[in-house]
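Enquirer: Structure provided below as structure tokens; questions to follow.
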Amino acid sequence: MELGDARWAECEDVPVLLVPVGATEQHGPHLPLRTDTTVAATVAARSGLTTAPALPYGASGEHEGFPGTVSIGTETLAAVIVELGRSACRFARRLVLVNGHGGNVGALRVAVPMLRAEGRDVAWFPCGVPGADAHAGRHETSVMLALAPDAVRVDLAAPGNTAPLRELMPAIAAGSVRDVSPSGVLGDPAGASGAEGAETVSVMVAGLVTAVERWVVDEPTGRLT
């Protein structure tokens, strides 16, 4: 069920409600600003569980050097998630924040444990796969070629900074992504394909479904494991 399309009488005692948490931020010259939101919303929707409309804004301060990025910051995002959780848990027995942007993790690690401490059965799940590149490289380009091929400007795709993210993080934390990559790409989109992206999405959906079925929550962070 899509929550936004439902009537109130259809929403009594929802077993599990998923809320995609995305971002509106630069993804290089070739991918749309909505990339993270599209990924989170798709993974949630394909799980077969009741899914709320996505939150399209996140904590994207590291990308604000690029026009089009809209960030509400970690503190505000955490507050939004807390209020959202308090409200949604009035009719949903369990709530899962399906996260599509790494910059949102700080807010989730504050908000979700707070909601759990208040007695609400809330957790979060990351949309990601092992070995993926950092930002707008082959991984995300492949996923968007599978989900929204018309929104991908393949002709503008080019390598960015391909150094490991752990090496780039000090400079990004002290400044912004633009300080280490003028294009905003962290990785190399070369070789991206819709087939690879479709497989990646399938893995993320299966991971989400399995995690919800198991419902094992890391208490310090609130993450489904």
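Enquirer: Looking at the chain, what % of its DSSP beta bridges pair antiparallel, to the nearest 5?
Expert: The antiparallel fraction comes to roughly 20 percent.
Enquirer: Any idea what angle helix 35-45 forms with the longest principal axis of the chain, computed on alpha-carbon atoms, 0 to 90 degrees, nearest 10?
Expert: Between helix and principal axis, roughly 40 degrees.
Enquirer: While we're here: Rg and Dmax of segment 20-123, using alpha carbons, in Å: what are they?
Expert: 13.7, 44
Enquirer: A further question on this structure: What translational diffusion coefficient, to the nearest whole µm²/s, does segment 3-216 have by Stokes-Einstein, given a Kirkwood radius computed over alpha-carbon pairs, a temperature of 4 °C and 1.567 mPa s viscosity?
Expert: Value of D from the Cα-based Kirkwood radius: 74 µm²/s.
Enquirer: Compute the distribution of all C-alpha to C-alpha distances in segment 142-213, in bins of 10 Å from 0, and list the percent of pairs in each, rounded to whole numbers.
Expert: Here the calculated profile for segment 142-213 is 18, 33, 33, 15, 0.
Enquirer: By how many degrees, 0 to 90 and rounded to 10, does the Cα axis of helix 138-147 deviate from the longest principal axis of the chain?
Expert: 60 degrees
Enquirer: How much length, in nm to one decimal, is gained on full extension between Arg7 and Glu118, taken as 0.36 nm per residue of separation minus their Cα-Cα distance?
Expert: That pair, Arg7 and Glu118, stretches by 37.2 nm at full extension.
Enquirer: Quick one: order His30, His139 from most to least accessible surface, probe 1.4 Å.
Expert: Output order, biggest surface exposure first: His139, His30.
Enquirer: Only helical DSSP H runs with n ≥ 4 go in: add -39500 (n - 2.57) per run for the chain, normalise by residue count and round the 222 nm mean residue ellipticity to 500 deg cm²/dmol. Before the final figure, lay out the partial values.
Expert: Values: 6 runs with 81 residues, N = 225.
So the calculated ellipticity at 222 nm is -11500 deg cm²/dmol.
Enquirer: A follow-up question, please. Return one quarter of the surface area of the convex hull spanned by the alpha-carbon atoms of segment 65-191, equal to its mean projected area, in nm².
Expert: 9.4 nm²
Enquirer: Taking the chain as the reference, fit the longest principal axis to its C-alpha atoms, fit the long axis of helix 165-174 to the helix C-alpha atoms, and give the angle between the two in degrees, 0 to 90, nearest 10.
Expert: On a 0 to 90 degree scale, this one is about 80.
Enquirer: Considering only DSSP states other than H, G, I, E and B, which trypsin sites (Lys or Arg not before Pro) in segment 1-55 qualify as loop sites with at most 13 other Cβ atoms within 10 Å?
Expert: Arg7
The values are calculated or read from the model by the stated rules, or taken from the named source; none is laboratory data. These numbers were taken from a predicted model, which means no experiment stands behind them. Quick reminder, even Gly has a Cβ in these numbers, built from the backbone with ideal geometry, and neighbours come from all protein chains shown. When the accessible area is computed, the model is the full protein with side chains, heavy atoms only, and any ligands, DNA or RNA have been set aside. Shrake-Rupley method; radii C 1.70, N 1.55, O 1.52, S 1.80 Å.
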